[in-house]
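Working notes, beginning with the structure itself.
The values are calculated or read from the model by the stated rules, or taken from the named source; none is laboratory data. Keep in mind it's a predicted model, so treat the numbers as computed, not measured. No Cβ is skipped: glycine too gets one built from the backbone with ideal geometry, and neighbour counts run over all protein chains shown.
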Amino acid sequence: MSLLALAALHGRWLLIAGLVAGIALPGLAERMAGAIVPFLFLMLTVAALREGPRAALPRLSQLPRALAATLALQGVLPLVAAGALWAAGLLDAPLATGVVLACAAAPITGTPGLAVMSGADAGAAVRQLALGTALLPLTAAPVFALLPAFPDPGAVAAGALRLLGLVALAAALAAALRRALPRLTDPALRPALDGVMAIAMSVVVVGLMSAVGPAAFEAPGALLLALVLAGGVYAVQTAGAWRIARALVPRDAALALSIAAGNRNLALFLAAVPPEVAAPLMLFVGCYQIPMYLTPTLLPWLTGTGHRGDETGRG
């Protein structure tokens with residue numbers, strides 16, 4: 001337990017180590033790709049165990065704001081981005097497609113774990129993940145109508161349903177574990193649970209880096225462009241969501257929303273595109289993982305919460 005608590009304490013460094021390993025050891029990254037889904041399930045189960053399975057269901061009073069946030073982030077924002085790129089004549093470019101998808105995707109399954117590491121409301125992160133995934137087939141439909149790269153939007157709907165099923169299964173398993181082993185709900189065990197999430201996320205990110213390492217040697221210019229663009233999109237979404245949410249909800253919930261806004265599951269869209277389109281997108285998807293898994297380090301700078309004057313949340 002002490003080792004897991006230590007992993008939780010140094011979770012951000014574990015994520016950085018996973019990023020470095022995935023980039024520096026592409027062979028390991030390819031082998032670890034098969035472990036992504038099991039470890040994602042582990043993260044979701046631990047998050048539901050930590051917060052309680054009902055955390056994924058917003059209370060009636062929370063639903064309007066959570067719904068509005070999801071529709072704005074996954075529905076309105078990508079249409080605005082697509083319109084701007086179309087006006088600039090860039091909408092057909094693979095990187096432009098990546099930018100639009102980064103605005104249209106649901107939060108990543110690691111959102112609750114990142115919230116825990118960042119001192120945000122993990123329950124709010126779980127709710128935003130569940131709601132964003134559930135609404136993805138609806139919010140993504142207009143985006144697909146604008147992007148010529150998507151001949152089969154139904155594949156994304158199927159992928160979203162599979163992911164939603166994964167969330168539901170993790171919540172059910174967490175509920176069964178809480179009933180069978182009540183001691184797991186002891187607050188004293190939270191650091192150990194947080195450590196499990198940190199280790200699982202560091203393993204997942206190794207597998208997600210499989211396209212970045214080779215690009216560093218084969219196409220460094222393309223890699224740099226994709227990395228700068230991915231970092232910019234991540235920063236704008238994260239900081240923008242924080243500034244809006246901070247005026248409407250308590251600090252910890254606003255942090256959770258900003259994490260959900262910046263950390264998007266682009267990989268889900270790869271199931272809906274032909275291989276010749278997916279290949280160039282993989283570099284952007286891989287580059288986008290870098291700022292996402294640096295969230296515990298970057299978030300204080302993007303939101304200004306590293307300053308002690310912002311420690312008091314709004315009620």
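Tabulated values for the structure
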| quantity | calculated |
| --- | --- |
| Test: residue in the stretch 151-161 that is closer than 23 Å to Ser202 by Cβ, modelled with pLDDT under 90, within 17 Å of the chain's Cα centre (by Cα) and among the hydrophobic types (A, V, I, L, M, F, W, C) | no |
| Among the residues listed as Leu67, Leu131, Leu73, Leu135, the single one being touching a helix residue (DSSP H, G or I) at 6+ places or on another chain (Cβ under 8 Å) and closer than 21 Å to Ala230 by Cα | Leu73 |
| Looking only at the stretch 1-56, and only at residues there that are within 26 Å of Tyr288 (Cα to Cα) and among the basic types (Lys, Arg), the one that is surrounded by the fewest Cβ atoms within 10 Å (Cβ to Cβ) | Arg31 |
| Residue under evaluation Gly89, criteria (1) small (Gly, Ala, Ser); (2) within 19 Å of Ala130 (Cα to Cα); (3) not in a helix (DSSP H, G or I), criterion not met | (2) |
| Residue tally, condition assigned to a helix (DSSP H, G or I) and under 9 Å from Ala29 (Cβ atoms), over the stretch 201-217 | 5 |
| Lone unmet requirement of (1) without any contact (Cβ under 8 Å) to a residue 60 or more places away in the chain; (2) buried (at least 22 other Cβ atoms within 10 Å of the Cβ) for Leu85 | (2) |
| Set Leu95, Leu79, Leu101: member being modelled with pLDDT of 90 or more and part of a helix (DSSP H, G or I) | Leu79 |
| Qualifying residue in the stretch 65-80 (condition: touching a Lys or Arg at 6+ places or on another chain (Cβ under 9 Å) and surrounded by fewer than 24 Cβ atoms within 10 Å (Cβ to Cβ)) | yes |
| Residue in the stretch 142-149 that is part of a helix (DSSP H, G or I), surrounded by fewer than 24 Cβ atoms within 10 Å (Cβ to Cβ) and at pLDDT 85 or above present | no |
| Residue in the stretch 206-216 that is surrounded by fewer than 24 Cβ atoms within 10 Å (Cβ to Cβ), in contact (Cβ under 8 Å) with a residue 60 or more places away in the chain and within 30 Å of Ser2 (Cα to Cα) present | yes |
